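The values are calculated or read from the model by the stated rules, or taken from the named source; none is laboratory data. Keep in mind that this is a model prediction, so the values were computed, not measured. We place every Cβ from the backbone using ideal geometry, glycine too, and count neighbours over all the protein chains shown.
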Amino acid sequence: MHKILVIDDEEKHLQATKEYLEYQGFQVLIEKSAEKVLHSINRIKPDILIVDILMNNIDGYQFVEELKLKKDCKEIPFIFVTAKGMTQDRIRGYKLGCSGYIPKPFDPDELVAIIQNILTRKEMYIREIKRTRKEFRSINVCIENQYNLLQLESLKLTLTEREVSILKSVMQGFKNKEIASNLNTSIRNVEKYMSRLLCKTNCRNRTELIKLFYSNQIFLRANDGDRTRE
């Protein structure tokens with residue numbers, strides 16, 4: 001069930017929105033204070049935010065600006081629901097990245113339509129990511145990492161076992177955060193090894209790195225020289 005967080009300092013609007021969205025099958029959380037949400041957003045982890053603009057202490061615009069400073073919250077889609085319906089108000093909202101701007105009073109069916117549109121686009125994005133990863137995995141690249149120190153004979157490069165592990169994950173389409181989790185290491189370490197790989201292969205980015213290995217059908221073979229884990 002998708003989780004929606006509604007932020008509005010007017011109790012009647014909170015309750016009315018909550019009841020209608022719950023009737024539509026969503027899990028709905030409500031909060032009057034945008035400041036409290038800024039402190040609890042990482043724990044709540046909503047799929048969508050519905051934000052009123054005219055609130056006390058901190059308005060909806062300020063709330064979103066501060067929210068975007070939080071690393072794990074930048075991509076949370078949000079909808080502005082407000083009495084501020086002037087063109088300049090809407091422009092400011094869209095410049096902040098809102099997925100919808102609905103003036104009060106509004107038809108709740110319009111709000112539901114925007115929510116469903118957001119969720120549909122999100123699901124399409126996730127399917128595309130999965131498809132891309134599947135394509136990466138389907139490419140027959142043989143990497144032999146039975147030894148700690150490996151050599152790329154075609155490029156006359158030497159990679160460590162950890163660099164090969166990072167490389168395999170990159171070629172499977174994983175991002176740095178996912179690689180760090182899978183290999184039980186820090187994102188900073190992953191970034192360090194990625195920098196090494198780019199430097200050794202003279203590639204500018206991970207896309208060029210992947211293309212280099214796939215297009216040349218490069219195989220990794222064990223080197224008989226000195227062996228180190230890192």
*Would you check which residues across the stretch 59-73 are in contact with a helix residue (DSSP H, G or I) (Cβ under 8 Å, 6 or more places away or on another chain) and exposed (fewer than 12 other Cβ atoms within 10 Å of the Cβ) and list them?*
Asp72
*May I ask you to list the residues in the stretch 47-82 that are basic (Lys, Arg) and not in a helix (DSSP H, G or I)?*
Lys68, Lys70, Lys74
*Scan the stretch 70-94 residue by residue and report those that are over 24 Å from Gln27 (Cα atoms), of a type in the set (A, V, I, L, M) and at pLDDT 90 or above.*
Ile91
*Residue match in the stretch 116-129 (condition: at pLDDT 85 or above and not in a helix (DSSP H, G or I))*: no
_Conditions (1) more than 21 Å from Ile118 (Cα to Cα); (2) touching a helix residue (DSSP H, G or I) at 6+ places or on another chain (Cβ under 6 Å); number of the one not met by Asn56_ = (2)
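Based on this model, can you work out whether Ser165 counts as among the hydroxyl-bearing types (Ser, Thr, Tyr), at pLDDT 60 or above, part of a helix (DSSP H, G or I) and touching a helix residue (DSSP H, G or I) at 6+ places or on another chain (Cβ under 6 Å)? So that I can check it myself, show each step before the final result.
Numbers: among the hydroxyl-bearing types (Ser, Thr, Tyr): yes; at pLDDT 60 or above: yes; part of a helix (DSSP H, G or I): yes; touching a helix residue (DSSP H, G or I) at 6+ places or on another chain (Cβ under 6 Å): no.
Criteria not met by Ser165.
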_For the structure I just gave you, tell me whether Thr82 is loosely packed, with under 13 Cβ neighbours inside 10 Å and among the β-branched types (Val, Ile, Thr)._
no
_Checking the condition surrounded by 14 or more Cβ atoms within 10 Å (Cβ to Cβ) and more than 18 Å from the chain's Cα centre (by Cα), which residue from Ile166, Ile187 passes?_
Ile166
*asked:* Looking for something loosely packed, with under 15 Cβ neighbours inside 10 Å, at pLDDT below 90 and out of contact with any Cys (no Cβ under 6 Å at 6 or more places or on another chain) - is there at least one such residue anywhere in the stretch 21-37?
replied: no
_Selection status of Gln116, of a type in the set (S, T, N, Q) and under 15 Å from Asp59 (Cβ atoms)_ = no
